[in-house]
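To start, the structure itself, in structure tokens.
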Amino acid sequence: MTAPTDSTATADSTGTGTAPTAEPAERPFGLGSSPLRTDALPKALGIYPYAADLWAEGLLWGAVLRSPHPHARIVSIDTSAALTVPGVHAVLTAADLPAPTVPSDRPVLAAEVVRHQGEPVAAVAADHPDTARLAAAAIVVEYQLLDALTDPEQAFHGPALHPDGNLLRHLPLRTGDPEAVGEVVVEGLYQVGRQDPAPIGAEAGLAVPRPDGGVELHLSSTDPHGDRERTAACLGLETDRVRLVVTGVPGATADREDRSFQATLALLALRTGRPVKMTLTREESFQGHAARHPALLRYRHHADAQGKLVKVEAQILLDGGAYADVSAEVLAAATAFSVGPYVCPNVFVDAWAVRTNNPPAGRMRGEGTLQSCFATESQLDLLAARLGLDPLEIRRRNVLATGDALPTGQAITCPAPVAALLDAVAEVPLPALPLDAPDTEWLLPGGPGGAGDPAAVRRGIGYAVGMAHMLGAEGTDEVSTATVRVSGDHATVICAAVDAGQGFATLARQIVQSVLGVTEVYVAPVDSDQSIAGPSARGRHTWVSGGAVEKAALMVRHQLLAPIAADFGMSVELLSIAEGKITSYDGVLGMPVTEALEGKELWATAQCRPHPTEPLDEAGQGDAFVSIAFCAMRAVVDVDIELGAVRVVDVTVAQDVGRALNPGQIEDRIEAGVAQGVGLALLEDLRSTGGLLANPSFTGYRLPTALDTPEVRIATLLEERDVVATFGAKAVSAAPAVVAPAAVAAAVRAATNLPIGRLPILPEDAVVVLPV
Amino acid sequence: MLPTSLDEAVEALGASPAAVPVAGGTDLMEAVNAGRLRPGALVGLGRITELRGWRYEDGGTAVLGAGLTLARMDRPDFAALIPALADAARTAGPPQTRNVGTLGGNIATAAATGDTLPVLAALEAVATLARAPRAGDSGTREVPVSHLLTGVDPMRPGELLSWVRVPLLHAPQVFLKATGRSGPSRAVASVALVLDPARRAVRCAVGAVAPVPLRPLEAEAWVAGCVDWDARGEEGAQAIDPAAAAAFGEYVAAACVPDAYGADASSALLAEGPTAAAVRLRRTVAVLARRALGRALK
Ligand SMILES: Cc1cc2nc3c(=O)[nH]c(=O)nc-3n(C[C@H](O)[C@H](O)[C@H](O)COP(=O)(O)OP(=O)(O)OC[C@H]3O[C@@H](n4cnc5c(N)ncnc54)[C@H](O)[C@@H]3O)c2cc1C
């Protein structure tokens, strides 16, 4: 390899497969280069304005009264004491809410029943945040306690928690011969805890009443049009009476403010005729912010003597919490990918998402897929152990490739280089054992200054592969619109795709730079007056919004080049833009782009709509997904087998990226996914006992710190273009988060010989009790 | 209020009963921000330089200022004096809080997971409490830290923790903390162990398993008899039989973790034998105590 001039080359890309940056690293801009995100520095320096920093003249402060109980009937609410608190301007309860125009199973403020701890019951606006909180606390709610249903397995037979019932979705998947049996059969029960997105900034926003009776919301929304529509529906307003301005997005691996937050904030502003600001405490955020679905998965794998899969049977149960939200969608992913990236002719799965009195569950990086990945990868390790095969070998014998079918019957048409990814991670040399280093230099499990003892440390190596789908599934209408405008030497992109940390704003700049040769590209702030781009979720913006930006830029390019081509009597196709210059095929023309653009105003708007999908049928069959990205990992862990402390030493990643549009950002996203995956594997679990949260704070809810996160090495960013995707690129964020927990679990299993059936892996699960 | 001397500070506290002292604020401000505490007034201790260092007394005692920061205690000069306290200070939270958090604050907060507390208990440290002097009363009294913590002799209103007296033992001492992770975290269990070769004694305290540090006195006495005090520190010599070290660990764990650990009151009555939580915690404590002894005698 040449010496890396690229400062983002953090990984020792020991260079298997295609090199991520074929172009010279010093190329200043455009696709394939690695410009820094514009918000990176302000965020690192602490000067980035978050939504909690918003301010308006004469603003009031909102506060919410929440249910202390996981399940109770509201007998009465007395707001009189709150109304007499000096400085209070409005108190709202369910009785003040307009009739919603679109029904939802989740009320803005609980009316008759509260279904989870922290569910909003009333809201207050006052001239000081403390006054608002005190007044909220002065509201007297009489509750009649009801039994809390917190064990998802009880949801089927327990009393209905909601008029819509407890079953949010049942998805059976049946394909092949139910009677098929394998020569070896392994069974396992797997459990995944509740991971919270724990965003840097808790929910915050500002609502400003408008003269036309509408309201303007300033929020760090990741789905401006969806949020506007839902808020308007809750307020009983026409959609265009609500305007949403996106501001201060902290980086989101899940959805942001929920509809209850937005609607109460808006209604307080409408009621008082004043701007109202509301920021939630961390505890409130833990209570209300949708977390990852806790899951219970029971698997039975049948294989032949060579280790080829014969049949997979599974039961998957997701705890959806108190309200439906996106559980149905998450369940579809868990079910469709329930076998992992493997070929199996006979698959029989029943999957359910149920309602409980636990905190709400929702969207979070790799939702659904992550849970089944942990189970299937654990099962493959079990099979390997049973057959005396190497964990890599059993995977190689079963991996799927382009042209194979998912258990849903859908043929995989995109690149599926699973075997190549596995080979790539396997080829990277293992991290050195610190045997010869002095103990003081060995970062032992338990951390520096911890209780670690080298004599009790065992090293383990684990492999996992997984997949994550891109774009909405099961018939979701995927569409995005973008406008590109060029005035003189600079260009502007207008697109309502929110950069929630996935790097869309940087990508949009790169696209315009590549297509038009303009260096200075400005990405406009997002608001709901712009055309719909859809939510920042499911790895969709690179494809749909990137596609829209590219199309619009190409249209502008045509407008720019057409008159020049006409002047020279050639067709536009014979001109190209590169290195900031327009050149003709014969070299006669060589004009700087800036010169061609001088005094010009060009613009175009374009839309991107990938091919449609269809819902899964009653046997779980159908072409429900647009495309899939794959990822393989090798995790190396050290376990103190007496204390059960685990340190992830190294995670080596090979990822199927289609095309590396910004290798630096891809590596960052992979590191982020690994960090989040390691968090779920070892630390993060928002525990609920009887529906009451045990650890709703950053003291109790343990996020990985720099000391807990491993060195992440990129074996390869495998570039095999997905011909139907924009630029041939695949989404990169979800797959690493999906695979990392399974890889870490496999490594801990290898170090301890313990089954490791639940995530997070607690110290007690990794203690090896030696015979005395 | 920002007094610059101890006298001014106790004066200020005596004058306004609603006032609360604040040192680094890492515990206090968290409680204020969470709305659990609304102090009427604050007396900041940060400018009292005399409390931010230490001095020696009678050759054998170090007198530590309550304003010593956890970060300061981790420095080599301090670590050479009282190694276990330095170890505890090093692991007591992330650098940001250790830079401002103080010894006095750690003691006054008296959290079960306060990391300096088991060390102070093992060292049998004594606290000096200061109060505004009245007629015939200098206002100062001395109380063993363990009495402060257990509430046998608690801190009284208007009192300020000024000094902590710690014996200098000139022998190995160890603090080990199990957290279940690599990053900074509160203890699940911790063990402080100090050797007192002059008295041929081993003193040990277990932190985080109960509201206050626990001293397994019988186990201490027993293991002191197993140590080959003369072989200690000799090249190639073994100061304790590994089986005895392991037995010491079990002894400490059994003494400090009750059978009913983690059980609620009703089931505790019915329970037979230790709960699963007790078994787990004992295992952890036993490993910590064995390792601590091993390191001290290495
Ligand atoms: C993120 C984080 C992590 C932490 N991790 C740990 C940890 O791992 N281990 C650990 O032990 N602690 C930990 N702490 C707690 C805290 O940092 C320590 O307890 C610290 O020693 C407190 O000192 P302080 O000076 O900040 O106390 P302050 O917050 O200033 O005061 C705490 C209490 O002591 C009283 N007080 C302070 N000084 C005196 C005095 N001289 N006389 C009488 N009363 C006094 C105050 O009135 C108050 O009630 C952590 C804190 C945070 C925020």
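The values are calculated or read from the model by the stated rules, or taken from the named source; none is laboratory data. Computed from a prediction, not measured in an experiment: that's the story for all the values here. Positions of Cβ are backbone-derived with ideal geometry, glycine not excepted, and every protein chain shown enters the neighbour counts. Each accessible area value is taken on the protein alone, full model and side chains, heavy atoms only, with ligands, DNA and RNA left out. Shrake-Rupley method; radii C 1.70, N 1.55, O 1.52, S 1.80 Å.
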Legend entry - Condition check for A:Ala725: closer than 22 Å to A:Phe504 by Cα and away from chain B (no Cβ under 14 Å): yes
Legend entry - Candidate set from the range A:661-690 (those that are part of a helix (DSSP H, G or I) and β-branched (Val, Ile, Thr)); member that is farthest from the other protein chains (Cβ to nearest Cβ): A:Ile666
Legend entry - Single residue of the range A:244-286 satisfying the filter (at positive phi and open to solvent by 20 Å² or more (accessible area, probe 1.4 Å)) that is farthest from the other protein chains (Cβ to nearest Cβ): A:Gly273
Legend entry - Positions within the range A:435-450 being out of contact with any Lys or Arg (no Cβ under 6 Å at 6 or more places or on another chain) and in contact (Cβ under 8 Å) with a residue 12 or more places away in the chain, in sequence order: A:Asp439, A:Trp442, A:Leu443, A:Leu444, A:Gly446, A:Gly447, A:Pro448, A:Gly450
Legend entry - Subset of the range A:195-232 [part of a loop (DSSP other than H, G, I, E, B), under 25 Å from the mean Cα position of the chain (by Cα) and among the charged types (D, E, K, R)]: A:Asp196, A:Glu203, A:Asp223
Inset, instruction - Return yes or no: is A:Glu313 part of a helix (DSSP H, G or I) and open to solvent by 10 Å² or more (accessible area, probe 1.4 Å)? - result: no
Inset, instruction - Take A:Ala766 and decide whether it is in contact with a Gly (Cβ under 8 Å, 6 or more places away or on another chain) and either open to solvent by 30 Å² or more (accessible area, probe 1.4 Å) or away from chain B (no Cβ under 14 Å) (or both). - result: no
Inset, instruction - Please enumerate the residues belonging to the range A:497-518 that are over 22 Å from A:Ile666 (Cα atoms) and in contact with a Pro (Cβ under 9 Å, 6 or more places away or on another chain). - result: A:Gly517
Inset, instruction - Tell me, please, whether a residue that is under 20 Å from B:Ala89 (Cα atoms), within 14 Å of chain A (Cβ to nearest Cβ) and part of a strand (DSSP E or B) can be found in the range B:147-168. - result: no
Legend entry - Inter-residue pairs, beta-carbon under 8 Å, first open to solvent by 20 Å² or more (accessible area, probe 1.4 Å) and in the range B:97-119, second among the polar types (S, T, N, Q) and near the ligand (Cβ under 6 Å from one of its atoms), 6+ apart: B:Thr97/B:Thr26; B:Val100/B:Thr26; B:Gly105/B:Thr26
Inset, instruction - Name the helices (runs of 4 or more DSSP H) wholly inside the range B:1-117 in which the number of residues that are within 11 Å of the ligand (Cβ to nearest atom), more than 14 Å from every other protein chain (Cβ to nearest Cβ) and in contact with a helix residue (DSSP H, G or I) (Cβ under 8 Å, 6 or more places away or on another chain) is 2 or more. - result: B:103-109
Legend entry - The one condition in (1) more than 14 Å from every other protein chain (Cβ to nearest Cβ); (2) more than 23 Å from A:Gln371 (Cβ to Cβ); (3) more than 22 Å from the chain's Cα centre (by Cα) that A:Leu693 fails to fulfil: (2)
Legend entry - Check on A:Arg702, open to solvent by 10 Å² or more (accessible area, probe 1.4 Å) and more than 12 Å from every other protein chain (Cβ to nearest Cβ): no
Inset, instruction - Could you figure out which of (1) over 30 Å from A:Phe29 (Cβ atoms); (2) touching a Gly at 6+ places or on another chain (Cβ under 8 Å); (3) modelled with pLDDT of 95 or more isn't true of A:Asp650? - result: (2)
Inset, instruction - Determine whether the range B:232-239 contains at least one residue that is modelled with pLDDT of 95 or more and open to solvent by less than 10 Å² (accessible area, probe 1.4 Å). - result: no
Inset, instruction - Quick one: which residue in B:Val152, B:Val223, B:Val202, B:Val188 is open to solvent by 50 Å² or more (accessible area, probe 1.4 Å) and more than 16 Å from the chain's Cα centre (by Cα)? - result: B:Val152
Inset, instruction - Report, by residue number, each residue of the range A:555-567 that is touching a residue at least 24 places away in the same chain (Cβ under 8 Å), open to solvent by 10 Å² or more (accessible area, probe 1.4 Å) and more than 19 Å from A:Ala524 (Cβ to Cβ). - result: A:Arg557, A:Gln559, A:Ile564
Inset, instruction - Inspect the range A:743-758 for any residue being open to solvent by 20 Å² or more (accessible area, probe 1.4 Å) and within 14 Å of chain B (Cβ to nearest Cβ) and give the result as yes or no. - result: no
Inset, instruction - Considering only the range A:507-554, state which residues are hydroxyl-bearing (Ser, Thr, Tyr), under 26 Å from A:Cys414 (Cα atoms) and surrounded by fewer than 24 Cβ atoms within 10 Å (Cβ to Cβ). - result: A:Ser514
Inset, instruction - Determine which member of the set B:Ala253, B:Ala245, B:Ala292, B:Ala277 is at pLDDT 90 or above, farther than 25 Å from A:Leu762 by Cβ, open to solvent by less than 40 Å² (accessible area, probe 1.4 Å) and within 14 Å of chain A (Cβ to nearest Cβ). - result: B:Ala245
Inset, instruction - Using the structure shown, decide if A:Val724 is open to solvent by 40 Å² or more (accessible area, probe 1.4 Å) and touching a strand residue (DSSP E or B) at 6+ places or on another chain (Cβ under 9 Å). - result: yes
Inset, instruction - Check every one of the strands (runs of 3 or more DSSP E) wholly within the range A:116-194 and list those with 2 or more residues that are open to solvent by 70 Å² or more (accessible area, probe 1.4 Å). - result: A:140-145, A:167-175, A:184-192
Inset, instruction - Could you tell me which residue of the range B:118-142 is farthest from B:Leu293 (Cα to Cα), considering only residues that are more than 10 Å from the ligand (Cβ to nearest atom) and part of a strand (DSSP E or B)? - result: B:Arg134
Legend entry - Matching entry among B:Val209, B:Val191 (being in contact with a Cys (Cβ under 7 Å, 6 or more places away or on another chain), within 16 Å of the ligand (Cβ to nearest atom) and away from every other protein chain (no Cβ under 13 Å)): B:Val209
Inset, instruction - Sort out which residues of the range A:102-115 are more than 19 Å from A:Ala328 (Cβ to Cβ) and part of a loop (DSSP other than H, G, I, E, B), and write them in order of number. - result: A:Pro107, A:Val108, A:Leu109, A:Ala110, A:Ala111, A:Glu112
Legend entry - Out of B:Gly24, B:Gly14, B:Gly67, B:Gly44, sole residue that is open to solvent by 40 Å² or more (accessible area, probe 1.4 Å) and not assigned by TED's automatic domain parsing to the domain that holds B:Ser190: B:Gly14
Inset, instruction - Write out, first by first residue and then by second, each pair whose Cβ atoms fall under 9 Å of each other, whose residues are 6+ apart or on separate chains, and whose first residue, in the range A:226-237, is among the hydroxyl-bearing types (Ser, Thr, Tyr) while the second is not in a helix (DSSP H, G or I). - result: A:Thr231/A:Val215; A:Thr231/A:Leu217; A:Thr231/A:Leu237; A:Thr231/A:Val242; A:Thr231/A:Leu244
